[in-house]
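Taking it in order: structure first as structure tokens, then the write-up.
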Amino acid sequence: MKKIALLSLLLLAACGRESTPGTASKFNGKPQVLVANYPLKYFAERIGGSAVEVLFPAPGDEDPAFWQPDDAAITKFQNADVMLMNGATYSKWAEKVTLPQSKLVDTSASFKAQYIEIKSETTHSHGPGGEHSHSGTAFTTWVDLNQAIQQAEAVKNALSKFSPDAAANFEKLKADLGALDARLIAVGKRIANAPLVASHPVYHYLARRYALNLQAVLWEPETVPDDKAMEELKAILAKHPAKWMLWEGDPAKESVAKLDTIGVKSLVFDPCGNVPESGDFLSVMTANVEALEKAFP
């Protein structure tokens, strides 16, 4: 009877420990890693493997860069074992809450001196995130795949204490990203400074790394440009005679048709800030590279 009583007390104590905030993941044997966007989720899962539990609480229908987490989501970040943040002013909400700095990793800190500053003050809205501006620091850092490698290395450094395979896993990811980086450098040389337009101002680091002569408008893939938008584009093309537009996602067929009438073709280069409908970060980036290679053989 004494053994049964002792076992009962141990089980009750274990249940009490499991309900303590911030310790459930450790009790289950897996540290919790909270991430600010999907690229970091992909990096953390590949590098940390089964040794960690990676959580990405942003909803699938919002741009994580403009997401406003509720109190429950903020608490998850605060109680995490590691918080992987993108840096470059990506998570606007993080500037307004208290996060444990000892657990926070700014994955783009190594190239902070190379951030690109945007002077445009134009505001617009898309999705449930409300009106916002792309002025300030350009934050889609990982579309420069060399910078993506540096962010992945920061993830490796943060997760090495949890996963014995982190270093080896990082080297495999680095090789994958490096191969795509080399292909983009090659296609950038073939494009040879030819004018391009982009549907959205999210390609600053892509343009710098791969020497693309790129100007952006403020269009959305699901929205067909009206007459005013078309006239504004024509004014850009008068000085910047682009033959291709880069889209964040598959554009509406009517949008493609309208661009065709003025001699502009469409291709998709998805930054992949949120979880893709199919595939993963590497397959999406591979498709992006292939689209550019096909357009500029």
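The values are calculated or read from the model by the stated rules, or taken from the named source; none is laboratory data. Because the structure is predicted, anything quoted here is derived from the model rather than measured. Heads up, the Cβs are rebuilt from the backbone with ideal geometry, glycines too, and the neighbour counts pull from every protein chain shown. For the accessible areas, the whole protein counts, side chains as well, though only heavy atoms, and no ligand, DNA or RNA atoms are used. Shrake-Rupley method; radii C 1.70, N 1.55, O 1.52, S 1.80 Å.
Okay, here's what the table says:
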| item | result |
| --- | --- |
| Close pairs from region 75-88: first among the basic types (K, R), partner outside any loop (DSSP other than H, G, I, E, B) and open to solvent by 10 Å² or more (accessible area, probe 1.4 Å), Cβ under 7 Å, at least 6 apart | K76/L55 |
| Any hit, region 205-216, residues being open to solvent by 60 Å² or more (accessible area, probe 1.4 Å), closer than 26 Å to E117 by Cβ and not in a helix (DSSP H, G or I) | yes |
| Which listed residue is at pLDDT 95 or above, surrounded by 19 or more Cβ atoms within 10 Å (Cβ to Cβ) and charged (D, E, K, R), from K172, K156, K189, K161 | K156 |
| Any hit, region 252-266, residues being within 19 Å of the chain's Cα centre (by Cα) and closer than 30 Å to L40 by Cα | no |
| Residues of region 92-119 that turn out to be open to solvent by 30 Å² or more (accessible area, probe 1.4 Å) and assigned to a loop (DSSP other than H, G, I, E, B), as a count | 6 |
| Qualifying positions in region 46-68 - buried (at least 21 other Cβ atoms within 10 Å of the Cβ) and either under 16 Å from S160 (Cα atoms) or of a type in the set (A, V, I, L, M) (or both) | R46, I47, G48, V52, V54, A58, A65 |
| Among (1) at pLDDT below 95; (2) farther than 23 Å from Y42 by Cα, the one test that W67 misses | (2) |
| Subset tally (residues that are of a type in the set (D, E), within 27 Å of A152 (Cα to Cα) and in a helix (DSSP H, G or I)) for region 239-297 | 2 |
| Residues that are within 22 Å of M245 (Cβ to Cβ) and in a helix (DSSP H, G or I), drawn from region 140-184 | W142, V143, L145, L180, R183, L184 |
| Residue within region 234-251 that is more than 25 Å from N86 (Cβ to Cβ), touching a Lys or Arg at 6+ places or on another chain (Cβ under 7 Å) and open to solvent by 80 Å² or more (accessible area, probe 1.4 Å) present | yes |
| Cβ-Cβ under 8 Å pairs, at least 6 apart or on other chains, region 258-287 side over 21 Å from Q147 (Cα atoms), far side aromatic (F, W, Y) and open to solvent by 40 Å² or more (accessible area, probe 1.4 Å) | V264/W244; K265/W244; S266/W244; L267/W244 |
| Near pairs, Cβ below 7 angstrom, 6+ apart or cross-chain, from region 168-184 (touching a residue at least 60 places away in the same chain (Cβ under 8 Å)) to any residue that is among the acidic types (D, E) and open to solvent by 60 Å² or more (accessible area, probe 1.4 Å) | F170/E153 |
| Failed criterion for G136 (all others in (1) at pLDDT below 95; (2) open to solvent by 70 Å² or more (accessible area, probe 1.4 Å); (3) not polar (S, T, N, Q) hold) | (2) |
